[in-house]
Amino acid sequence: MLKGIDSKLNADVLHCLRSMGHGDALVICDTNFPAESVARHTGLGTLLRMENLTCGEAIGSILSVLPLDTFVDDFAMRMEVVGAPDELPATQQEVQDQINLAEGKPRPMISVERFAFYDLARKSYAVIQTGERRFYGCFILRKGVVGPDE
């Protein structure tokens with residue numbers, strides 16, 4: 001246990017987050033996502049887990065230490081609901097709320113079509129699978145920077 005670090009962040013996840021550089025992408029997904037096969041294509045090459053957590057809980061913990069990129073529009077992405085791309089299911093709303101809280105202002109995620117999302121996920125740095133069982137709990141976060149005064 002470490003002081004000041006959310007206890008939901010295990011050692012493997014912390015190592016991954018620290019190893020990422022500015023602009024690297026991180027997938028946080030639900031239990032239905034093909035996480036193992038996608039993770040083999042990522043920079044890390046192995047699947048990480050934050051089991052027994054919803055996506056909102058996992059991303060809230062991750063954002064306690066990970067800055068989001070402020071230079072791009074795709075700093076946070078969500079998988080579109082098939083046939084209803086503008087729909088925001090409860091799990092996605094919870095993640096949007098965590099992003100807004102971490103950023104101190106509303107910063108809407110962009111939506112990505114399902115198969116385009118899979119393609120982006122394979123090019124990411126790493127995949128973290130949560131225990132989320134609700135559908136469309138699939139997100140990509142882009143790491144930002146920590147400034148010299150922070």
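Quick note: the coordinates plus some simple rules give every number you see, no bench work behind them. Predicted, not measured: the structure shown is a model, and the values here were computed from it. Every residue, glycine as well, gets a Cβ built from its backbone with ideal geometry; the counts of neighbours run over all protein chains shown.
Quick notes
- Filter result for A121 (more than 27 Å from P148 (Cα to Cα) and touching a residue at least 12 places away in the same chain (Cβ under 8 Å)): yes
- No other residue among R142, R107, R122, R78 is touching a Phe, Trp or Tyr at 6+ places or on another chain (Cβ under 8 Å), closer than 21 Å to L14 by Cα and among the basic types (K, R) apart from R142.
- All positions within region 25-46 that are surrounded by 19 or more Cβ atoms within 10 Å (Cβ to Cβ) and under 19 Å from M79 (Cα atoms): A25, L26, V27, I28, C29, D30, F33, A35, V38, A39, T42
- Strands (runs of 3 or more DSSP E) completely within region 74-150 that count 3 or more residues being surrounded by 14 or more Cβ atoms within 10 Å (Cβ to Cβ): 76-79, 126-130, 139-142
- Filter pass, I110 being at negative phi and in contact with a helix residue (DSSP H, G or I) (Cβ under 8 Å, 6 or more places away or on another chain): no
- The test for being in a strand (DSSP E or B) and closer than 24 Å to L101 by Cα does not hold for V13.
- Residue check: L53 meets all listed conditions (1) touching a residue at least 12 places away in the same chain (Cβ under 8 Å); (2) outside any loop (DSSP other than H, G, I, E, B); (3) within 28 Å of I5 (Cβ to Cβ) but one, namely (2).
Each row is one residue, and each column tells you yes or no for (1) touching an Asp or Glu at 6+ places or on another chain (Cβ under 9 Å); (2) under 24 Å from P34 (Cβ atoms); (3) small (G, A, S); (4) without any contact (Cβ under 8 Å) to a residue 12 or more places away in the chain.
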| site | (1), (2), (3), (4) |
| --- | --- |
| F71 | no, no, no, no |
| D74 | no, yes, no, no |
| V81 | yes, yes, no, no |
| T91 | yes, yes, no, no |
| A102 | no, no, yes, no |
| A126 | yes, yes, yes, no |
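- Flag for A11 being of a type in the set (A, V, I, L, M) and in contact (Cβ under 8 Å) with a residue 12 or more places away in the chain: no
- In region 57-67 there is no residue matching the filter, namely being loosely packed, with under 14 Cβ neighbours inside 10 Å and outside any strand (DSSP E or B).
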